[in-house]
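Peer 1: Pasting a structure here, questions to come.
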Amino acid sequence: MADKKKTKSAPRSRARSTPPGSRSNGRTAPSGSRPPDGPRRIWPTIGKWIGVAAVWFTVAVLAAGVWVSVGLPDLDEALKTERRPTVTIQSADGTEIYQGGDLVGETVTLDQLPPALVQAVLATEDRRFYDHFGIDPIGLGRAMVRNIRAGRIVEGGSTITQQLAKNLFLTHERTYVRKLQEVVVAFWLEMEFSKDQILTLYLNRVYLGAGTYGVDAAARRFFRKPASRINTYEAAVLAGLLKAPSRYNPVSSPERAHARAKVVLANMVAAGYLTEKKAGEAARGIQVTLVAAPTGRARHFVDWVLDALSDYVTTGGRDLVVKTTLDPALQRMAEAAMATSFARADKAGLKAGEGALIAMAPDGAVRAMVGGRDYGKSQFNRATQALRQPGSAFKPFVYLAAIEAGMTPDTRVVDRPVKLGNWQPSNFSGKYEGPMTLQQALANSVNSVAVQLAQKVGPAKILETARAFGITSDLPNDAGLALGTGEVNMLELTAGYAVLARGGMGVWPHAITEIRDSADKVLYTRQGSGPGRAAPEDAVETLVGMMTKVIDGGTGRNAAIGRPAAGKTGTSQNYRDAWFVGFTAQLITGVWFGNDDGAPMKHVTGGGLPARTWARFMGPAMEGRPVLALGDVDADGKPGSGSFWNRLKNLIESTAPSGATEGLPPVGENRAGD
């Protein structure tokens, strides 16, 4: 039976292998056994290929989905709010001078917002928001046409859902892969959240410039009010920011912001939310109260504060409000004085590429700071970071050591050649004047006398004095120290002069007075008045009296401002640095000019450009303040603390001509020098 089955099956197998319509044994197959030709035979073939195509299409879509989704972050994690803490820096009077970090306001719901804000956003960003499923085919088609015509991606055609997807989860690069990822996330958002929830998320998380995230933060930043209280025009301003937050910032670009707000109002009219009349009234009739524009001033000061902040508190993710010692009016004066000096130096071809200025109160509170010519071009702070040779501006510490050793302003010295090994210091004039008093030597910045003083008291004593006055930079332990060959920074040198202004009491230069968190909890308050006495009061009083003669006819006569003041010029070798540091009873100011690369200036001395700049700043800075005698400062650094009669006596003495130089020949050539 098995053999028979095999024999019978073979012919059938051969018969099945014969194609329909072919001939076998010379005979045609019966007509009834041939499949019908025509349309009925084509449809199964088409169906087969459609099925195959569908399978491969499904595979391709799944593969593309996997490929597109590979770069997506964890969506649940991305919904969590993470931001940099906001640091707000205020001047001494509470004016905001800087805000950094990310500012996030209160979370608001749609029913807490004025209808005009929601309408402005919908009219401008996504009018069909409540009708589409996450993507808008009409808007997408329009964007595709524009992109094809431009040959690149110039318009996204993004819905609010897509924008939320991009803001929360994706990068801002303009590529087709990122656009596909945006669509995937948008679909996910539409499935997970209602339309109102998506719009609420968007309004609370969208970036609106100036470090603000969400409409409430932006309303508080730009209008000083919560988002729930903004008017129609303000709503249009905020909605206008969505297109380009920096370009349409109402603080830095009010004209652009206004023009953009008018476009938004027109969109609201087109969408049926406003009448033409209401839109016109909104644009014309509302005066917006904006936060004072960040002027970009005091940026070197701001950087100095930010760098020091971690020494006072640990941020721990908290928003901080930092109150500082900066006086906005003095800061403006300082910047104006430096700008004028730079302009005049450039016109005169003095080759003074950079400069800096610091002004501080007798207690060390920094009131103004200019760290360079142009912060935008160089953020390096020459007031706090640069180490430069002070030249003769270091001499007060030399003379104080000599006074403490028993010398007086009337002590006779001789201006003569001095040789130390292979080094022979010379005077600015190149001449030697012979006998003179210590008073004359300081007033006219005689180098040979300063070196002789260093030899007499010893470099170690001068170093000790400088350290007591807050000079912490490395200094040479030799007689060259007397001529300011060691490098210092402007902050410590100016603070050293503040010790003189304060009658010998030590000074800690500082900028921060108080730090609070966003809940108004005080985290730090400055206390104390300084490190204590740095030098004997009588010795300091004697030195300050001598330093008044630097301005009264000495090398610093260009710094005269018509009230009691003392100071000292300084010029380093080859005119690489030029200084003037001086003070009244109320304010101590240091000025420096030079070049970052150490290139020489064109004959710029401390008695020239720096002294004039000092007067250009200190003159206006002292206007309206009482005329106080030098030394009229209490132990806490507060000026004008003495009794009326003592103040009157000191004022008369400080302005009376000194007898220390009477009967002695002038030291003429040095007067215009260092």
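Peer 1: Would you point out which residue out of Asp674, Asp577, Asp636 is at pLDDT below 85 and crowded, with 21+ Cβ neighbours inside 10 Å?
Peer 2: The match here is Asp674.
Peer 1: Which pairs turn up if I take residues in the stretch 193-214 that are charged (D, E, K, R) and look for partners that are not in a helix (DSSP H, G or I) with beta carbon separation below 7 Å, at least 6 apart in sequence or on another chain?
Peer 2: Close Cβ pairs satisfying both conditions: Lys195/Phe129; Lys195/Tyr130; Arg205/Tyr213; Arg205/Gly214.
Peer 1: Then there is this: Looking only at the stretch 192-207, count every residue that is surrounded by fewer than 20 Cβ atoms within 10 Å (Cβ to Cβ) and either within 14 Å of His132 (Cβ to Cβ) or of a type in the set (Gly, Ala, Ser) (or both) and tell me the total.
Peer 2: Selection size over the stretch 192-207: 2.
Peer 1: Looking at this structure, is Gly631 assigned to a loop (DSSP other than H, G, I, E, B), under 32 Å from the mean Cα position of the chain (by Cα) and on the phi > 0 side of the Ramachandran plot?
Peer 2: no
Peer 1: Could I ask something else about it? Return a yes/no flag: does the stretch 431-453 have any residue that is at pLDDT 95 or above, touching a Phe, Trp or Tyr at 6+ places or on another chain (Cβ under 6 Å) and either over 22 Å from Thr542 (Cβ atoms) or not in a strand (DSSP E or B) (or both).
Peer 2: Scanning the stretch 431-453, I find at least one residue that is at pLDDT 95 or above, touching a Phe, Trp or Tyr at 6+ places or on another chain (Cβ under 6 Å) and either over 22 Å from Thr542 (Cβ atoms) or not in a strand (DSSP E or B) (or both), so the answer is yes.
Peer 1: Also, I was wondering about something else. Which one is nearest to Gln440 (Cα to Cα) among residues in the stretch 355-411 that are among the basic types (Lys, Arg) and in contact with a strand residue (DSSP E or B) (Cβ under 9 Å, 6 or more places away or on another chain)?
Peer 2: Lys395
Peer 1: Kindly provide the set of residues from the stretch 490-529 that are touching a Lys or Arg at 6+ places or on another chain (Cβ under 8 Å), β-branched (Val, Ile, Thr) and under 22 Å from Val370 (Cβ atoms), ordered by number.
Peer 2: Within the stretch 490-529, Ile512, Thr513 qualify.
Peer 1: In the stretch 531-547, is there at least one residue being small (Gly, Ala, Ser), in the same structural domain as Gly391 (by TED's automatic domain parsing) and within 19 Å of Asp674 (Cβ to Cβ)?
Peer 2: no
Peer 1: Inspect the stretch 372-385 for any residue being assigned to a helix (DSSP H, G or I), of a type in the set (Lys, Arg), in contact (Cβ under 8 Å) with a residue 40 or more places away in the chain and surrounded by 22 or more Cβ atoms within 10 Å (Cβ to Cβ) and give the result as yes or no.
Peer 2: So far as the stretch 372-385 goes, no, none of its residues is assigned to a helix (DSSP H, G or I), of a type in the set (Lys, Arg), in contact (Cβ under 8 Å) with a residue 40 or more places away in the chain and surrounded by 22 or more Cβ atoms within 10 Å (Cβ to Cβ).
Peer 1: A further question on this structure: Just for the stretch 283-342: of the residues that are assigned to a loop (DSSP other than H, G, I, E, B) and modelled with pLDDT of 85 or more, which one is farthest from Gly372 (Cα to Cα)?
Peer 2: The selected residue is Asp319.
Peer 1: Looking at the stretch 504-563, which of its residues are touching a residue at least 40 places away in the same chain (Cβ under 8 Å), outside any loop (DSSP other than H, G, I, E, B) and of a type in the set (A, V, I, L, M, F, W, C)?
Peer 2: Answer for the stretch 504-563, where residues must be touching a residue at least 40 places away in the same chain (Cβ under 8 Å), outside any loop (DSSP other than H, G, I, E, B) and of a type in the set (A, V, I, L, M, F, W, C): Met505, Ile512, Ile515, Leu523, Ala539, Val540, Leu543, Val544, Met546, Met547, Val550, Ala559.
Peer 1: Can you find even one residue in the stretch 218-230 that is surrounded by fewer than 19 Cβ atoms within 10 Å (Cβ to Cβ), assigned to a helix (DSSP H, G or I) and touching a helix residue (DSSP H, G or I) at 6+ places or on another chain (Cβ under 6 Å)?
Peer 2: yes
Peer 1: From the residues in the stretch 419-438 that are under 49 Å from the mean Cα position of the chain (by Cα) and among the hydrophobic types (A, V, I, L, M, F, W, C), which one is nearest to Gly391 (Cα to Cα)?
Peer 2: Per the criteria, the residue is Phe428.
Peer 1: Among residues belonging to the stretch 457-484 that are over 24 Å from Gly371 (Cβ atoms) and part of a loop (DSSP other than H, G, I, E, B), point out the one that is nearest to the chain's Cα centre (by Cα).
Peer 2: Per the criteria, the residue is Pro476.
Peer 1: Could you pull out the residue among Ala356, Ala298, Ala337, Ala352 that is farther than 14 Å from Phe593 by Cα, buried (at least 22 other Cβ atoms within 10 Å of the Cβ) and in contact with a helix residue (DSSP H, G or I) (Cβ under 9 Å, 6 or more places away or on another chain)?
Peer 2: Within the list Ala356, Ala298, Ala337, Ala352, the selection yields Ala298.
Peer 1: Any residue in the stretch 322-333 that is buried (at least 20 other Cβ atoms within 10 Å of the Cβ), acidic (Asp, Glu) and either out of contact with any His (no Cβ under 9 Å at 6 or more places or on another chain) or free of Cβ contacts under 8 Å to residues at least 40 places away in the same chain (or both)?
Peer 2: yes
Peer 1: Would a scan of the stretch 355-371 turn up a residue that is more than 30 Å from Gln455 (Cβ to Cβ) and part of a helix (DSSP H, G or I)?
Peer 2: No, every residue in the stretch 355-371 fails to be more than 30 Å from Gln455 (Cβ to Cβ) and part of a helix (DSSP H, G or I).
Peer 1: Let me ask another. Quick check: anything in the stretch 605-618 at positive phi, in the same structural domain as Leu493 (by TED's automatic domain parsing) and either surrounded by fewer than 22 Cβ atoms within 10 Å (Cβ to Cβ) or not charged (D, E, K, R) (or both)?
Peer 2: no
Peer 1: If I ask for residues that are within 24 Å of Thr485 (Cβ to Cβ) and in contact with a strand residue (DSSP E or B) (Cβ under 7 Å, 6 or more places away or on another chain), which ones from the stretch 536-558 would you list?
Peer 2: Of everything in the stretch 536-558, those that are within 24 Å of Thr485 (Cβ to Cβ) and in contact with a strand residue (DSSP E or B) (Cβ under 7 Å, 6 or more places away or on another chain) turn out to be Met547, Val550, Thr555, Gly556.
Peer 1: Being without any contact (Cβ under 8 Å) to a residue 24 or more places away in the chain and within 24 Å of Pro610 (Cα to Cα) narrows it down to one residue among Ser445, Ser426; which is it?
Peer 2: Ser426
Peer 1: How many residues are crowded, with 18+ Cβ neighbours inside 10 Å, among the aliphatic types (A, V, I, L, M) and either in a loop (DSSP other than H, G, I, E, B) or in contact with a Ser or Thr (Cβ under 8 Å, 6 or more places away or on another chain) (or both) if we restrict to the stretch 100-119?
Peer 2: So the count comes out to 5.
Peer 1: Shifting gears a bit: Kindly list the number of the only condition in (1) loosely packed, with under 14 Cβ neighbours inside 10 Å; (2) at pLDDT 90 or above; (3) under 19 Å from Val118 (Cα atoms) that fails for Ala244.
Peer 2: Looking at each condition in turn, Ala244 falls short on (2).
Peer 1: In addition: Under 7 Å by Cβ, and 6 or more places apart or on different chains, what pairs join a residue from the stretch 245-258 that is assigned to a helix (DSSP H, G or I) with one that is crowded, with 17+ Cβ neighbours inside 10 Å and polar (S, T, N, Q)?
Peer 2: Ala257/Asn249
The values are calculated or read from the model by the stated rules, or taken from the named source; none is laboratory data. Only a predicted model underlies this, so the values are computations on that prediction, with no experimental measurement involved. Backbone-built Cβ (ideal geometry, glycine too); neighbour counts: all protein chains shown.
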